[in-house]
Amino acid sequence: MDLVALRSLVAAVEQGSISAAAKHLSVTQPAVSQKLAQLEGALGQSLLIRSRRGVVATQAGALVLTHARRVLAELSAMQSGLQVLRGAVSGRLRLTVNVLFGQTIMGPMLTALHQRYPDLHIEMVASDALLDLDRDNVDVAIRSGRMGDCAGFVQRIGWMGGVLIATPTYLDAVGRPSGPDDLARLSYIQYREDPEEAEIALVHGTAPLKARVSPDFSAQHPELLLHAVLGGIGFAKAPRYHVAERIRKGVLEEVLPGYAPAPKPIYILARDHLRGTPNFNALREMVVAHMAQVEGLAREGEPEL
């Protein structure tokens, strides 16, 4: 069975189109189409329904897709075992992170990782969905707050600090809160990932506390939340690493300095066959080292934010 053809099928279904699959695999669109045609010819079945909207798997295609993912996962496990024997950092890892973390943190880190280990190829899937490592053929996930289900192993590698933010103009208009109990009179912008909140968890020094809030707006994406804050709709919680520069420039203002959202743990999850492998260790060490350089992130073992 042609492994490149199986990868092409998986990519076409996951990416939603032949052109997107080609871009994802860093090959030409005709090359993907040819591999898919060869696979359908070899199996004697139509595997994809093609339309202007993209592609979807047929019943036969869904069956082949399930087995293709399993074959590729087993191949990855075999390669990991061989890497342990060689002690080499090489091959491919499929990594998933949330969109904001991927856009702001992972780019520079992956550049440094490639410079140090040019034979290790990282395929990053930026998604706010908690992808299933086995079902979605993902090797490693980096998550904050919620781990989700994981059939592999999990390590806590650090903490993500948060901050309450608003524009100075908004605070000038409504008045700056005098304490946590005063937050309820301000309009609170809630992020959709959080449960419906009538109160938020804060820390003051090392002391945890709860503060009542009045949700008036719900944002579906971190950038939409930030846009709402910048538009003067109200105040919100945000990762400190995402807004630190705007606070320094005076575009945003920290609400209730000295009080902060409770830090969120940062986890790295991986399939069992990657435990102790050179590839996983190289990725983990680079992520942890890079986190230490980012304002608002702390490595495990350092004081919580």
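The values are calculated or read from the model by the stated rules, or taken from the named source; none is laboratory data. Predicted model only: the values in this text are computed from it and were never measured. Here Cβ is always computed from backbone atoms with ideal geometry, including for glycine, and neighbour counts include all displayed protein chains. When the accessible area is computed, the model is the full protein with side chains, heavy atoms only, and any ligands, DNA or RNA have been set aside. Shrake-Rupley method; radii C 1.70, N 1.55, O 1.52, S 1.80 Å.
In the range 89-120, of all residues being out of contact with any Ser or Thr (no Cβ under 9 Å at 6 or more places or on another chain) and open to solvent by less than 30 Å² (accessible area, probe 1.4 Å), the one that is nearest to H290 (Cα to Cα) corresponds to M109.
Remark: D182 matches the filter, which requires a residue to be open to solvent by 30 Å² or more (accessible area, probe 1.4 Å), touching a Gly at 6+ places or on another chain (Cβ under 9 Å), farther than 30 Å from S90 by Cβ and of a type in the set (D, E).
Taken over the range 272-304, the criterion of being of a type in the set (K, R) and either modelled with pLDDT of 90 or more or open to solvent by less than 10 Å² (accessible area, probe 1.4 Å) (or both) is satisfied by R284 alone. For the range 200-219, indicate whether the set of residues that are open to solvent by less than 50 Å² (accessible area, probe 1.4 Å) and either within 18 Å of F101 (Cβ to Cβ) or among the charged types (D, E, K, R) (or both) is non-empty. Scanning the range 200-219 turns up at least one residue that is open to solvent by less than 50 Å² (accessible area, probe 1.4 Å) and either within 18 Å of F101 (Cβ to Cβ) or among the charged types (D, E, K, R) (or both).
Just one residue in the set R50, R70 is open to solvent by 50 Å² or more (accessible area, probe 1.4 Å) and either closer than 30 Å to R143 by Cβ or part of a loop (DSSP other than H, G, I, E, B) (or both); that residue is R70. Taken together, the residues in the range 140-175 that are closer than 21 Å to E300 by Cβ and not in a strand (DSSP E or B) amount to 7. Summed over the range 226-237, the residues that are under 18 Å from L202 (Cβ atoms), among the hydrophobic types (A, V, I, L, M, F, W, C) and open to solvent by 10 Å² or more (accessible area, probe 1.4 Å) give a count of 0. Filtered by the rule that a residue be within 17 Å of L202 (Cα to Cα) and open to solvent by less than 40 Å² (accessible area, probe 1.4 Å), the range 247-261 gives V255, L256, A260, P261.
Of the residues that make up the range 76-86, is at least one open to solvent by 30 Å² or more (accessible area, probe 1.4 Å) and part of a loop (DSSP other than H, G, I, E, B)? For the range 76-86, residues open to solvent by 30 Å² or more (accessible area, probe 1.4 Å) and part of a loop (DSSP other than H, G, I, E, B): absent. When residues in the range 154-172 are screened for being more than 19 Å from the chain's Cα centre (by Cα), surrounded by fewer than 20 Cβ atoms within 10 Å (Cβ to Cβ) and touching a residue at least 24 places away in the same chain (Cβ under 8 Å), 3 of them pass.
Quick check: is even one residue across the range 134-141 over 19 Å from Q293 (Cα atoms), of a type outside the set (G, A, S), open to solvent by less than 70 Å² (accessible area, probe 1.4 Å) and out of contact with any helix residue (DSSP H, G or I) (no Cβ under 9 Å at 6 or more places or on another chain)? Checking the range 134-141: at least one residue is over 19 Å from Q293 (Cα atoms), of a type outside the set (G, A, S), open to solvent by less than 70 Å² (accessible area, probe 1.4 Å) and out of contact with any helix residue (DSSP H, G or I) (no Cβ under 9 Å at 6 or more places or on another chain).
Comparison of A129, A151 shows that the only residue that is more than 24 Å from E295 (Cβ to Cβ) and under 13 Å from the mean Cα position of the chain (by Cα) is A129.
Residues considered: A207, A201, A219. Of these, the only one that is at pLDDT below 95 and under 22 Å from the mean Cα position of the chain (by Cα) is A219.
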